[in-house]
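Peer 1: This is the structure, below, for whatever I ask next.
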Amino acid sequence: MPELPEVETIRRELEKAVLGKKIIEVCVHHPLVIRQPAVEKFKKGLSGATIKNILRKAKVLILELSNGKSLVIHLKMTGQLVYPGGGKASRASFYFSDGKILDFNDRRLFGELRLLDDWHNLPFIKGLGPEPFEISNAEFKEMLDSKKTKIKPLLMDQTFISGIGNLYAAEALFRAKINPQRRANSLTGKEKEALFKEIKDTLAQAIEHKGSSIDQYVQLSGQPGGFVKYHKVYGRQGKPCFICKTPIKRISLGGRGTYFCPRCQK
């Protein structure tokens, strides 16, 4: 699933591409991607509206419109936004007054589109924890103090801290030299500080390189993100660690594949 860097990349690209533009028509090619409201009401509520603001909350995009409504886009595992669009794989297409099209593609139909009067009331948004860039080092340390959960699944818990998924949790833990199986409250003050720094640095670097394309994620242009070549552990099972040459190990943790170096992350 696209994580904070991928969704932030798309948000920034959407600002350049469609902010201030007027939607004149919406074509829904597959109704399953429309979660709220009914398809015809969805289309009618968007037609004639201008995109006034583009926000991101964790892994969710929010396009605020001139009519007071908001288009909420959750890409989930295989959702894509492509601009200029017009491709045959589109599940929904948004036509603008300048003749260009924004396509929502989703091969496996996991993604969700909603048109809402108030996006703040969505349960999965109301329940989000703070993003890494919204809190201080001291606040992060305090958040970990009482948590007996293993650190890797905890970082992926969107109600604890939002925007981090499987990929960037693994990468940040490697950079901080922390074993993903450690209990959160067992980390020392220095380890917590190192982890918080690496979380923010890793996310910032991934944003700089337009995210990681390991499955279906693409930039708005349809091009892949460029951060994959900077991955240290994710997807590198059996390959030598860049630091100590020990083979990278993969285990299942919290129901997800977890990559780490058994020597660097004791």
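The values are calculated or read from the model by the stated rules, or taken from the named source; none is laboratory data. What you see is a predicted model, and the numbers here were worked out from it, not measured in a lab. Using ideal geometry, Cβ is built from the backbone for each residue, glycine included, and neighbour counts are taken over all protein chains shown. Areas reflect the complete protein model, heavy atoms only, side chains present, ligands, DNA and RNA absent. Shrake-Rupley method; radii C 1.70, N 1.55, O 1.52, S 1.80 Å.
Peer 1: Would you work out the Kirkwood radius for the range 1-103? I mean one over the mean of 1/r across all pairs of different Cα atoms, in Å.
Peer 2: 13.7
Peer 1: Which angle from 0 to 90°, rounded to the nearest 10, does the C-alpha axis of helix 4-18 make with the longest principal axis of the chain?
Peer 2: It works out to around 30 degrees.
Peer 1: Can you give me the accessible area per residue for the range 1-102, using a 1.4 Å probe, in Å²?
Peer 2: Ligands and nucleic acids excluded, the figure is 43 Å² per residue.
Peer 1: Take the solvent-accessible surface of the protein heavy atoms, probe 1.4 Å, and return the percent of it on the range 74-143 that carbon and sulfur atoms account for.
Peer 2: Taking all protein chains in place, the range 74-143 shows 52 percent carbon and sulfur surface.
Peer 1: Report the Rg/Rh value for the chain, based on alpha-carbon coordinates and the Kirkwood definition of Rh.
Peer 2: 1.01
Peer 1: Which stretch or stretches of the range 138-164 have amide N atoms under 18 Å from the point lying 7 Å from Asp215's Cα along the Cα→Cβ direction?
Peer 2: Answer for the range 138-164: 153, 156-158, 163-164.
Peer 1: Applying 1/(1 + (r/R0)^6) with R0 = 30 Å to the Cβ-Cβ distance of Asp98 and Leu32, what FRET efficiency is obtained, to the nearest 0.05?
Peer 2: It comes out at approximately 0.55.
Peer 1: Taking only protein heavy atoms and a 1.4 Å probe, what accessible area per residue, in Å², does the range 165-213 have with all protein chains in place?
Peer 2: With the other protein chains kept in place, the range 165-213 gives 37 Å² per residue.
Peer 1: Note the direction-averaged projected area, equal to a quarter of the hull surface, for the Cα convex hull of the range 37-85, in nm².
Peer 2: 4.2
Peer 1: Continuing with the same structure: Apply the Debye scattering formula to the range 177-221, with a single equal point scatterer on each alpha-carbon and no solvent, then give log10 I(q)/I(0) at q = 0.16 Å⁻¹.
Peer 2: -0.60
Peer 1: A further question on this structure: So, with +1 on the Cβ of K and R and -1 on the Cβ of D and E, and no other charges, what is the size of the charge dipole of the chain about its Cα centre, to the nearest 20 debye?
Peer 2: Rounded to the nearest 20 debye, it is 1040 debye.
Peer 1: Related question: For a quick check of understanding: with a 1.4 angstrom probe and all protein chains in place, what accessible area in square angstrom does Lys249 have, to the nearest ten?
Peer 2: Using a 1.4 Å probe on the heavy atoms, I get roughly 100 Å².
Peer 1: For a label point 7 Å from the Cα of Phe110 along Cα→C-beta, name the residues of the range 3-35 whose backbone N is under 12 Å from it.
Peer 2: Correct set: 3.
Peer 1: Report the FRET efficiency, 1/(1 + (r/R0)^6), for Asn137 and Ser186, where r is their Cβ-Cβ distance and R0 is 22 Å, rounded to 0.05.
Peer 2: Efficiency at R0 = 22 Å is approximately 0.75.
Peer 1: Same structure, new question: Binning every alpha carbon pair distance of the range 46-193 at 10 Å from zero, what are the percents per bin?
Peer 2: That works out to 10, 32, 26, 19, 10, 1, in percent per bin.
Peer 1: For the range 243-266 and the range 140-217, compute the distance between their C-alpha centroids and round to whole Å.
Peer 2: Cα centroid of the range 243-266 versus Cα centroid of the range 140-217: 14 Å apart.
Peer 1: Could you work out what % of the accessible surface of the range 201-242 is carbon and sulfur, using a 1.4 angstrom probe and leaving DNA, RNA and ligands out of the count?
Peer 2: Carbon with sulfur: 46 percent of the solvent-accessible area.
Peer 1: Can you sort Tyr259, Tyr217 by 1.4 Å-probe accessible area, starting with the largest?
Peer 2: Highest to lowest solvent-accessible surface, that is Tyr259, Tyr217.
Peer 1: Within the range 20-72, report the trypsin sites (Lys or Arg not before Pro) that DSSP leaves as loop and that have at most 16 other Cβ atoms within 10 Å.
Peer 2: Those that pass, being in a loop and sparsely packed, are Lys21.
Peer 1: Separate question: Counting only protein chains, not ligands or nucleic acids, how are Ser212, Ser66 ordered by accessible area (probe 1.4 Å), most first?
Peer 2: Ser66, Ser212
Peer 1: I would also like to ask the following. Report the residues of the range 57-101 in range of a label on Lys21: point 7 Å along Cα→C-beta, backbone N strictly under 11 Å from it.
Peer 2: 82-86, 94-101
Peer 1: Okay, next question. Just reorder Val39, Val60 by solvent-accessible area, largest first, 1.4 Å probe, all chains present.
Peer 2: These residues rank, largest area first, as Val39, Val60.
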